[in-house]
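Engineer: Quick one: the structure is below, and I'll ask about it shortly.
The values are calculated or read from the model by the stated rules, or taken from the named source; none is laboratory data. Everything numeric here is computed off the predicted structure, so don't read it as measured data. Quick reminder, even Gly has a Cβ in these numbers, built from the backbone with ideal geometry, and neighbours come from all protein chains shown. Only protein heavy atoms, including side chains, enter the accessible area calculation; ligands, DNA and RNA are left aside. Shrake-Rupley method; radii C 1.70, N 1.55, O 1.52, S 1.80 Å.
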Amino acid sequence: MRIALLQSSGRPGSVVENLKVLDEAAGRAAAAGAGLLVAPEMFLTGYAIGDDIAHLAEPADGDSADAVADLAGRHGLAVAYGYPERDGETVYNSAQLISADGVRLANYRKTHLFGCFERDHFTPGDQPVVQAELGGLTVGLMICYDVEFPENVRAHALAGTGLLVVPTAQMHPFQFVAESMIPVRAFENQMYVAYVNRVGPEGEFEFVGLSTLAGPDGVARARAGREEELVFADADPAFVAVSREANPYLKDRRPGLYGSLA
């Protein structure tokens, strides 16, 4: 399955404009043969928008989800995107995966909130492993800081995730996460990791880009730079199986020794 990584901060504060950016990117991705387009964390609204987060938050099945389902169907590819999710009075930092025929496949709420900004605006989710089947792969969802906890990613590996999709708002000076940690996470869990970042200045933050798709062998199949761009890489379900046979990490685990970790 060809995956398109949309490295962009869109138009912070404007859902309408961000849907247009997503629609245009979906057209380019489909023309290049992609089966999945991944957009960054909070792409639908922007990240550093303060109290507008609560004002722009929508239900998982709200109008914007319908708009994404429509563009996914028109362009014939699945779309994963970040957005603020409203559930009653509670707001989550969420990511949703919608299929190429416009079906909502999975919705994930960020479990590990980063810094005072996120803790002031969001409630953490409590479901660590959210998955769906797509293109012959078991696809898992996670958001930014979540992937920096090895227990989180290992839980996905043990649950059979072959492609971990991680919409991200990763900022300076933590670019080593994209450069070094993501390939390691992919290797130690024998999975593909699609880490898709915002880019450029936004409020008090400077997002560093460097979006990447790392393979089960720890090799980056694609890596973006520090500007807005759409990059492509392939994820092969057969290679996940081969990697898990060749790399014994999952088989050689001794869970009985790890009780103190919890």
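Engineer: Using the basic label-point model (7 angstrom from Cα toward the beta carbon), what is the Asp70 to Ala159 distance in nanometres?
Structural biologist: 3.2
Engineer: Using +1 on the beta carbon of Lys and Arg, -1 on that of Asp and Glu, and nothing else charged, what's the dipole of region 163-261 about the Cα centre, debye to 20?
Structural biologist: 500
Engineer: Along the charge dipole of the chain, which of Gly225, Val16, Met191 sits closest to the positive end, that is, farthest toward it, with unit charges on the beta carbon of Lys, Arg, Asp and Glu (+1, +1, -1, -1)?
Structural biologist: Met191
Engineer: Go through 240-250, 20-30 and give me the packing order, highest mean Cβ count within 10 Å leading.
Structural biologist: So the order, starting with the most tightly packed, is 20-30, 240-250.
Engineer: Same structure, new question: Order the peptides 186-198, 215-227, 102-114 from the highest to the lowest mean number of other Cβ atoms within 10 Å of their residues.
Structural biologist: Peptide ranking by packing, descending: 186-198, 102-114, 215-227.
Engineer: Per the 1.4 Å probe, what fraction of the accessible area of region 1-85, in percent, lies on carbon and sulfur atoms?
Structural biologist: C and S fraction of accessible area: 49 percent.
Engineer: From the Cα gyration tensor of region 210-261, with a ≥ b ≥ c the square roots of its eigenvalues, which class applies: rounded if a/c is under 1.5, or else prolate if a/b is larger than b/c, or else oblate?
Structural biologist: oblate
Engineer: To the nearest 20 Debye, how big is the dipole of region 8-139 about its Cα centre, given +1 on the beta carbon of each Lys and Arg and -1 on that of each Asp and Glu?
Structural biologist: I would put it at about 400 debye.
Engineer: Still on this model: What does the accessible area per residue of region 40-103 come to in Å², with a 1.4 Å probe and no ligands, DNA or RNA counted?
Structural biologist: 33
Engineer: At a threshold of 8 angstrom on Cα-Cα distance, excluding pairs fewer than six apart, so keeping six or more, what relative contact order does the chain reach in percent?
Structural biologist: It rounds to 18 percent for the chain.
Engineer: Another question, then. Which of the three applies to region 134-197, rounded, prolate or oblate, going by the alpha-carbon gyration tensor with a ≥ b ≥ c and a/c under 1.5 meaning rounded?
Structural biologist: prolate
Engineer: Semi-axes of the equivalent ellipsoid of region 12-86: what are they in whole Å, largest first, if each equals the square root of 5 times a C-alpha gyration tensor eigenvalue?
Structural biologist: Square roots of five times the eigenvalues give 22, 12, 9 Å.
Engineer: Also, I was wondering about something else. Would you tell me the accessible area of Thr123, worked out with a 1.4 angstrom probe on the heavy atoms of the protein chains, in Å² to the nearest 10?
Structural biologist: Thr123 exposes around 60 Å² with every protein chain in place.
Engineer: Taking R0 as 25 Å, what's the FRET efficiency between Leu250 and His172 from their Cβ-Cβ distance, rounded to 0.05?
Structural biologist: Approximately 0.15, to the nearest 0.05.
Engineer: Using a probe of 1.4 angstrom, how much of the accessible area of region 160-262 is carbon and sulfur, in percent?
Structural biologist: Carbon plus sulfur share of accessible area: 57 percent.
Engineer: Which is farthest toward the positive dipole end of the chain among Ala48, Ala241, Pro59, measuring Cα position about the Cα centre, with Cβ charges +1 (Lys, Arg) and -1 (Asp, Glu)?
Structural biologist: Ala241
Engineer: Using only DSSP helix segments of four residues or longer, with each worth -39500 (n - 2.57), what per-residue ellipticity at 222 nm results for the chain after dividing by its residue count and rounding to 500?
Structural biologist: Computed mean residue ellipticity for the chain: -7500 deg cm²/dmol.
Engineer: If I take all pairs of Cα atoms in the chain, what percentage of them are more than 24 Å from each other?
Structural biologist: More than 24 Å apart: 42 percent of the Cα pairs in the chain.
Engineer: Which order do peptides 137-145, 253-261 fall in by mean Cβ count within 10 Å, highest first?
Structural biologist: In descending order of packing, they fall as 137-145, 253-261.
Engineer: Using modelled backbone amide H atoms (1.01 Å from N, in-plane), which distant-in-sequence or interchain residues come within less than 5 Å of Arg221's amide H?
Structural biologist: Leu213, Ala214, Gly215
Engineer: Using only C-alpha atoms and all pairs of different ones, pull out the Kirkwood radius for region 85-207 in Å with one decimal.
Structural biologist: 15.0
Engineer: Out of region 82-158, which GluC sites (Glu not before Pro) are coil in DSSP terms and have no more than 11 other C-beta atoms within 10 Å?
Structural biologist: Glu89
Engineer: Treat every Asp and Glu Cβ in the chain as -1 and every Lys and Arg Cβ as +1, leave all other atoms uncharged, and give the resulting dipole magnitude about the Cα centre to the nearest 20 debye.
Structural biologist: About 880 debye.
Engineer: On to the next question. Contour minus end-to-end for Asp234 and Glu206, with contour as 0.36 nm per residue of separation and end-to-end as the Cα-Cα distance?
Structural biologist: Gain in length upon complete extension: 7.2 nm.
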